[in-house]
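Remarks on the structure that follows.
The values are calculated or read from the model by the stated rules, or taken from the named source; none is laboratory data. These figures come from a predicted structure and were not determined experimentally. Neighbour counts run over all protein chains shown; Cβ positions are idealised from the backbone, glycine included. For the accessible areas, the whole protein counts, side chains as well, though only heavy atoms, and no ligand, DNA or RNA atoms are used. Shrake-Rupley method; radii C 1.70, N 1.55, O 1.52, S 1.80 Å.
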Amino acid sequence: MWPLVLMLAMVLAGCQTSLFKNGGQQADSTQNSTDSAQQSSTNPPPSVFNTPKKPVGNYKASKVTGTYAGKKSVNRFIDTMVKKHDFDRRWLNGLFSTVQRQNKSIRLMDRYAPSKKKKNRPADYVGQPGRGSWSRYRRQFINDKNLQRGTEFWLSHKSTLRRVEREYQVPAHVIVGIIGVETRWGRITGDYVVLDTLSTIAFDYPRRSAYFTKELEEFLLMSREEGVDPRTPRGSYAGAMGLGQFMPSSFRKYAVDYSRDGVRDLMNPKVRANKSGSAYRKVKWGYSSNYTLRELSRVGVKPRKKIKTNEVSLLRFANYKSDEVWLGLNNFYVITRYNRSSKYAMAVYQLGEQLNKRVRPAKSASRESLLVLGES
């Protein structure tokens with residue numbers, strides 16, 4: 001079993017683009033990765049990074065003005081940062097006086113919020129996606145242009161990927177696949193001021209306020225530890241940053257100084273399921289499902305090749321004319337810890353597989369898969 005993939009996608013964080021834009025103290029790009037419980041010799045002690053430093057930025061005010069003037073939740077947050085983390089109150093007042101409410105972030109949070117509407121579905125409905133949904137999703141990521149860009153990215157960072165693969169035992173194609181799906185290898189990292197987006201959702205979006213208030217706290221700690229002006233980092237509409245789109249808490253927990261220069265910079269076979277009888281329709285699908293091979297054989301599903309494990313998840317992906325049925329092994333489940341979507345994990349897997357065949361065809365043909373095609 002691999003270490004968590006989340007930690008390893010950060011290795012190439014500083015290889016292509018910088019987290020910092022438009023002023024502030026720009027740090028040298030570095031590569032980041034590892035599990036805090038399995039630190040390698042490349043990772044300095046956590047105290048090197050978590051030692052409080054003086055915050056960067058010439059901010060000072062006796063009270064918060066501007067968008068969040070007089071807002072109780074902002075004042076309570078400032079109280080917490082002063083008491084809990086020894087931040088200067090006048091500095092925080094000045095900083096939050098600069099924050100601009102991001103209405104677009106609110107609209108996008110609403111757009112992607114889970115739907116509460118009940119749909120009329122048959123009693124045996126188990127979450128089958130709409131016809132062609134996988135075909136459309138897959139096409140966004142696995143196409144000629146992306147395969148060319150992914151190949152170029154891999155070849156540009158070949159030595160680093162080889163080193164990471166050797167040290168952490170995580171396949172390079174999975175790391176490259178995650179970065180490709182997340183940001184197209186650094187081409188789409190977001191241009192929102194992270195301080196503004198995190199503050200907006202923390203203070204003006206009650207449904208997710210608790211989570212984003214915590215991320216705002218982590219972000220200010222991260223900025224202080226890294227010597228970065230909090231108004232400098234850019235990211236997504238929800239505050240995710242870098243090639244792998246990490247939230248501040250993930251950065252503080254998992255990022256390491258892979259280049260050992262004292263800086264952590266986040267940026268710098270298929271089956272047609274046409275024979276689905278009642279037992280086949282009623283099984284539980286998805287990355288969190290868990291079956292023995294014997295249980296699946298009873299409903300007519302079996303792997304097309306021998307596999308070493310007896311427990312798998314059952315995955316179904318809807319194309320226009322038929323479904324693909326896959327048996328997910330443990331390391332496929334690991335990818336879903338990064339993003340809890342079977343489609344996301346399958347896109348990462350298939351994109352990485354295609355790139356692997358281009359960059360190192362011999363190794364691609366010889367290694368064990370994360371998934372096995374099923375047949376019914």
Identity of the residue in the stretch 38-70, modelled with pLDDT under 70 and either in contact with a His (Cβ under 8 Å, 6 or more places away or on another chain) or assigned to a helix (DSSP H, G or I) (or both), that ends up most open to solvent (accessible area, probe 1.4 Å): Q38
Cβ-Cβ under 8 Å pairs, at least 6 apart or on other chains, the stretch 177-196 side outside any helix (DSSP H, G or I), far side buried (at least 23 other Cβ atoms within 10 Å of the Cβ) and among the acidic types (D, E): none
Condition check for S249: within 30 Å of L351 (Cα to Cα), open to solvent by 20 Å² or more (accessible area, probe 1.4 Å), assigned to a helix (DSSP H, G or I) and at pLDDT below 95: yes
Helices (runs of 4 or more DSSP H) contained entirely in the stretch 321-376, each with at least 3 residues that are at pLDDT below 85: 330-336, 361-366
Every residue from the stretch 276-319 that is in a strand (DSSP E or B), of a type in the set (S, T, Y) and at pLDDT below 85: Y287, S288, S289
Positions within the stretch 287-337 being among the basic types (K, R) and open to solvent by 40 Å² or more (accessible area, probe 1.4 Å), in sequence order: R294, R298, K302, R304, K305, K306, K308, K321, R337
Number of the exception - H173 against (1) under 20 Å from Y237 (Cβ atoms); (2) of a type outside the set (S, T, N, Q); (3) under 19 Å from the mean Cα position of the chain (by Cα): (1)
Filter pass, D261 being in a loop (DSSP other than H, G, I, E, B) and at pLDDT below 90: yes
Any hit, the stretch 110-123, residues being surrounded by 11 or more Cβ atoms within 10 Å (Cβ to Cβ), out of contact with any Asp or Glu (no Cβ under 7 Å at 6 or more places or on another chain) and either in a helix (DSSP H, G or I) or modelled with pLDDT under 65 (or both): no
Members of the stretch 71-105 found to be in a loop (DSSP other than H, G, I, E, B), among the charged types (D, E, K, R) and surrounded by 14 or more Cβ atoms within 10 Å (Cβ to Cβ), listed by number: K71, D88, R101
Contacts under 7 angstrom Cβ, first residue in the stretch 295-324 being within 19 Å of M346 (Cα to Cα) and among the hydroxyl-bearing types (S, T, Y), partner part of a helix (DSSP H, G or I) and open to solvent by 20 Å² or more (accessible area, probe 1.4 Å), 6 or more apart: S313/Y333; Y320/S135
Unmet requirement for R231, which otherwise passes all of (1) open to solvent by 20 Å² or more (accessible area, probe 1.4 Å); (2) touching a strand residue (DSSP E or B) at 6+ places or on another chain (Cβ under 7 Å); (3) at pLDDT below 95: (3)
